[in-house]
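The values are calculated or read from the model by the stated rules, or taken from the named source; none is laboratory data. These numbers were taken from a predicted model, which means no experiment stands behind them. Positions of Cβ are generated from backbone atoms using ideal geometry, with glycine treated the same way; all protein chains shown enter the neighbour counts.
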Amino acid sequence: MRDPDVVQAASCATPPVTDLDRAIERAVAWLLDHQYPEGYWWGELESNVTITAEHLFLTHILGIGSQELWDKIARYLLSQQREDGTWANWYGGPGDLSTTVEAYLALKMAGVDPSLPPMAKAREWILARGGVEKSRVFTKMWLALLGEWPWEATPMLPPELVLLPTWFPVNIYAFASWARGTIVPLTVLRALKPVHPIPEGARVADLFPRGRQNAAYALPRKGGGWGRFFFQLDRLLRAYERRPIRSLRRRALAVAEGWILARQEADGCWGGIQPPWVYSLIALRALGHSPSSPPVARGIAGFARYAIEEEGTFRLQSCISPVWDTGLAMMALQDAGLPADHPALVRAGSWLLGEQIFVGGDWQIACRARPGGWAFEFDNDVYPDTDDTAVVLMALHRAALPEEVGFALQRGVEWLLGMQSRGGGWGAFDRNNTKAFLRQIPFADFGELLDPPSADVTGHIVELLGRLGHHPGFRPLDRALRYLWKEQEGDGSWYGRWGVNHLYGTGAVLPALAACGWDMADRRVRKAVDFLLSRQNEDGGWGEDIASYHRPELRGRGPSTPSQTAWALLGLLATGEGEAVQRGIAYLVRTQREDGTWDEPQFTGTGFPTDFMIRYGLYRHVFPLMALGRAREAAR
């Protein structure tokens, strides 16, 4: 018989500190140390070098450039060039023609000698792949603005588009938020055709394989019925362009100008992202606004928050993500066991409460719900998004905050439910934004023009609803679950729209199913589990190549990364898996740095699949900490 005193002593003893505990402790300390005094977290959002190259173009067009700034940009661009002379759209990716063309042009404009080896390598690579003639439409529009490509050889975008009613099949609100914010100013530029010539030594005649006079300026044709239709429509619009109805054109330009001005944010940006921002500034300049005019001056000043200067270089972020980063950081710390009233969580939660948006935006064109969401950035009231809102609400729900958090939760959920699309899922910024035929317009050769529902965003919202106590039988949840099962791939996975890729989608859906009480023995759940188990690497981690967006055989396959390992673990932990989880946790513990974080040069975030990829500075930290914390809780 055991001695009662020994039993009592054992039950009161402090559990031994494990490697997992130490890893969590280091990760928590790192995250707490990197919280801003105001309460938020904010990591760099890294994309490709076109964002910085185009900033140089913008300063030239607006007449605000300086050689000092351009030298810093040149040093940054050269530091990112690869051995073969190219620039890629993500770490380890293939050289991209348009990105390389823009970087090469920016370097020439900055005064870099084109005979130097880095320039010669870039030029040879560009010419071998068809030169500027083969670059994408956006690159050609920049070249047109700088006098290096004829405006007539770019797709038609008449400003009269802004006059079309919302019931018309093609109207600006049929496009995704980021697309319409870019298209409207581009309609102004396409109509006015401004040119801001660059010095003779910076021109890119050396990038035309057969010379300018022999270049192929015709628009490439797209196949299919809609492709042919839009090609013919482009021809008709060109005929109209030669003799537009003057009164209608003046009205369209005035409406477009008012639309642009109405959507400038408090910090001077448009939509919190670079493309609509730069094109809006250039459009306003073409319409007669000087660089010192209030909207243009605010727009120029706003770039300071997005710029990073270090070691004599300058680079610009395409977007910033403090709300997203803060919501995820709070969830990671909560999963790691921080009490709900911890000062860091209270400060972060209070800051997030102040970021809730109670004004209207473009989303109201297709949604009647009252405002109540959150945006990605510091300032982007016009375009709150459902994904940020779901993550923020999950974080706030578990924090000890003032009584107003109840109101914030109620209004946030109300807005989310109103944004549910017809098929049961959620898009990011708009409701029912699904007119797939628009992808066939000649303008659409880069990125995504639509914002249809996706499994990852829907998964986060389903997880929120489950955490708030909703279960099957709640109609919005039932519709969402039907959507998720419909979207499940044949191999058991789910597509990741905003993260790479099937690891992200599957890692979002499985915790959502668990949160709403779904039976984890369901054969469809087990098929998803089998997908994750079959993709685990020998080192215990998981990784997925960006090429999986176009190559199904690469789904869930690639060198292990901390964030993608964490996504797989979050999915498996939700289903109660054992051995594979232990191996995955061992991988994260083993690869953690002494300072408490992880190395991850890979881009695991997605803007537009393969066209525009993102490296979130905090993904390598918050998701592994979530996985470690949930693993420890499961073990208890």
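Miscellaneous remarks
- Looking only at residues in the stretch 537-554 that are buried (at least 22 other Cβ atoms within 10 Å of the Cβ) and among the hydrophobic types (A, V, I, L, M, F, W, C), the one that is nearest to residue 606 (Cα to Cα) is 546.
- Residues in the stretch 360-367 include at least one that is in a loop (DSSP other than H, G, I, E, B), surrounded by fewer than 24 Cβ atoms within 10 Å (Cβ to Cβ) and in contact with a helix residue (DSSP H, G or I) (Cβ under 7 Å, 6 or more places away or on another chain).
- Residues satisfying the stated conditions in the stretch 368-390, i.e. in a loop (DSSP other than H, G, I, E, B) and either among the small types (Gly, Ala, Ser) or farther than 25 Å from residue 499 by Cα (or both): 368, 369, 370, 371, 372, 373, 375
- Selection status of residue 265, in contact with an Asp or Glu (Cβ under 6 Å, 6 or more places away or on another chain), at pLDDT 95 or above and charged (D, E, K, R): yes
- The stretch 230-253, residues that are within 31 Å of the chain's Cα centre (by Cα) and either free of Cβ contacts under 8 Å to residues at least 40 places away in the same chain or not assigned by TED's automatic domain parsing to the domain that holds residue 135 (or both): 230, 231, 234
- Number of the exception - residue 305 against (1) of a type outside the set (Gly, Ala, Ser); (2) closer than 30 Å to residue 188 by Cα; (3) free of Cβ contacts under 8 Å to residues at least 60 places away in the same chain: (3)
- Taking helices (runs of 4 or more DSSP H) as the structural unit, those lying wholly within the stretch 428-536 and holding at least 3 residues that are within 22 Å of the chain's Cα centre (by Cα) and buried (at least 20 other Cβ atoms within 10 Å of the Cβ) correspond to 455-467, 502-515.
- Residue 393 being outside the structural domain of residue 183 (by TED's automatic domain parsing), closer than 23 Å to residue 319 by Cα, within 23 Å of the chain's Cα centre (by Cα) and outside any loop (DSSP other than H, G, I, E, B): yes
- When each of 351, 277 is tested for being over 18 Å from residue 391 (Cβ atoms), of a type in the set (Phe, Trp, Tyr) and not in a loop (DSSP other than H, G, I, E, B), the lone residue that passes is 277.
- Filter pass, residue 297 being free of Cβ contacts under 8 Å to residues at least 40 places away in the same chain and either part of a helix (DSSP H, G or I) or under 16 Å from residue 264 (Cα atoms) (or both): yes
- Hey, residue 523 at pLDDT below 95 and more than 25 Å from residue 87 (Cα to Cα) or not: no
- Flag for residue 589 being over 22 Å from residue 49 (Cβ atoms) and within 20 Å of the chain's Cα centre (by Cα): no
- Filtered residues of the stretch 126-160 (kept if among the small types (Gly, Ala, Ser), over 19 Å from residue 84 (Cα atoms) and surrounded by fewer than 20 Cβ atoms within 10 Å (Cβ to Cβ)): 147, 153
- Residue within the stretch 214-232 that is touching an Asp or Glu at 6+ places or on another chain (Cβ under 7 Å), farther than 26 Å from residue 257 by Cβ, modelled with pLDDT of 95 or more and not in a helix (DSSP H, G or I) present: no
- Any chance residue 270 is under 21 Å from residue 58 (Cα atoms), in contact with a Pro (Cβ under 6 Å, 6 or more places away or on another chain), outside the structural domain of residue 448 (by TED's automatic domain parsing) and among the aromatic types (Phe, Trp, Tyr): yes
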